[in-house]
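The values are calculated or read from the model by the stated rules, or taken from the named source; none is laboratory data. Treat the numbers as computed from the prediction; the structure is a model and nothing was measured. Glycine also receives a Cβ, built like all others from the backbone with ideal geometry; neighbour counts cover every protein chain displayed. We work out accessible area using only protein heavy atoms, side chains counted, and drop any ligands, DNA or RNA first. Shrake-Rupley method; radii C 1.70, N 1.55, O 1.52, S 1.80 Å.
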Amino acid sequence: MRRLARLAALALAPLLVAQADAPLLVPDASQREIEIAYSFTGADLLLFGAILYPDRRAAERPADIVVVVKGPSQSVLMREKQKVAGIWVNAEAMRYRSAPSFYAIASSRPVERIVDARTRAIYELGLDSLQLSPIGSEPQAVQDRFVRGLVEQRRRTGLFVEAPGAVEITDGVLYRARIAIPARVPVGRFTAETFLIRDGRVLAAAVREIEIRKSGFERFVAAAAQNHAVAYGVVAVLLSVAFGWGAGALWRRF
């Protein structure tokens with residue numbers, strides 16, 4: 001229900017903008033396409049834009065900007081390990097139907113000081129407000145434990161990021177924020193959502209799409225694995241056998 005409410009709110013955003021007294025967001029990104037090659041070590045994505053007020057008048061009161069960058073949703077299986085007789089083994093597990101492969105939020109102030117918990121849940125503003133859609137009916141305490149584990153795991157790898165105060169607003173009109181894209185970022189279509197918020201209300205919202213894809217030989221390998229899975233598997237096995245045989249031959253010679 002929360003996800004449906006959020007989608008409905010985003011769909012209604014253009015209607016709010018259409019009102020005569022509503023501001024308009026004009027966002028953009030330094031890169032609309034990011035290509036991943038063998039030497040890719042990450043990227044620095046600059047998100048910027050302008051706030052246009054009706055009749056070009058200045059804002060009556062200062063507003064806040066929140067920028068959220070999301071990667072493609074994916075199904076995730078989380079396993080919890082326990083030590084049994086001195087050996088770490090898989091214990092409980094939980095699967096999530098839909099979780100963002102990448103999530104970064106930057107804001108002009110800490111987001112909990114900008115909007116209340118209900119609004120954060122509707123728009124998924126913050127790691128504690130993500131709607132992960134668990135499969136199953138586990139007790140809430142168990143779900144919360146697995147959510148904390150998933151968030152902490154992806155935070156360590158740079159795939160989940162929170163940057164309060166990272167959005168700079170100039171003269172109440174121009175804004176900019178930098179989001180670090182890690183080397184382990186997944187490929188796919190990303191969205192950069194920008195929200196203009198004042199007095200706890202979302203006044204305007206806008207979305208820009210960013211494509212992250214492999215290039216060169218990495219792109220060829222990824223396309224082969226996806227489009228020709230059987231042939232890719234056979235070639236991979238043959239190459240492994242060939243390299244193993246070659247290494248054994250060299251070892252016997254020397």
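Against the condition of a type in the set (A, V, I, L, M), in contact with a strand residue (DSSP E or B) (Cβ under 6 Å, 6 or more places away or on another chain) and within 26 Å of residue 61 (Cβ to Cβ), how does residue 166 come out, does it pass?
Considered against the rule, which asks whether it is of a type in the set (A, V, I, L, M), in contact with a strand residue (DSSP E or B) (Cβ under 6 Å, 6 or more places away or on another chain) and within 26 Å of residue 61 (Cβ to Cβ), residue 166 comes out as yes.
Kindly indicate which of 61, 57, 95 is at pLDDT 85 or above and open to solvent by 30 Å² or more (accessible area, probe 1.4 Å).
The conditions single out 95.
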Problem - Failed item in (1) assigned to a loop (DSSP other than H, G, I, E, B); (2) closer than 13 Å to residue 100 by Cα, with residue 150 passing the rest - result: (1)
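Condition check ((1) closer than 27 Å to residue 196 by Cβ; (2) within 16 Å of the chain's Cα centre (by Cα)) across all residues:
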position	(1), (2)
125	yes, yes
130	yes, yes
138	no, no
156	no, yes
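Got at least one residue in region 170-185 being open to solvent by 60 Å² or more (accessible area, probe 1.4 Å), closer than 23 Å to residue 212 by Cα, outside any strand (DSSP E or B) and touching a helix residue (DSSP H, G or I) at 6+ places or on another chain (Cβ under 8 Å)?
no
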Exercise for the section: Among the numbered conditions (1) open to solvent by 20 Å² or more (accessible area, probe 1.4 Å); (2) within 30 Å of residue 25 (Cα to Cα); (3) touching a residue at least 12 places away in the same chain (Cβ under 8 Å); (4) not acidic (Asp, Glu), tell me where residue 143 comes up short. Expected result: (2)
Handout entry: Residues of region 112-140 that turn out to be open to solvent by 70 Å² or more (accessible area, probe 1.4 Å) and either assigned to a helix (DSSP H, G or I) or more than 28 Å from residue 202 (Cα to Cα) (or both), as a count
Key = 9
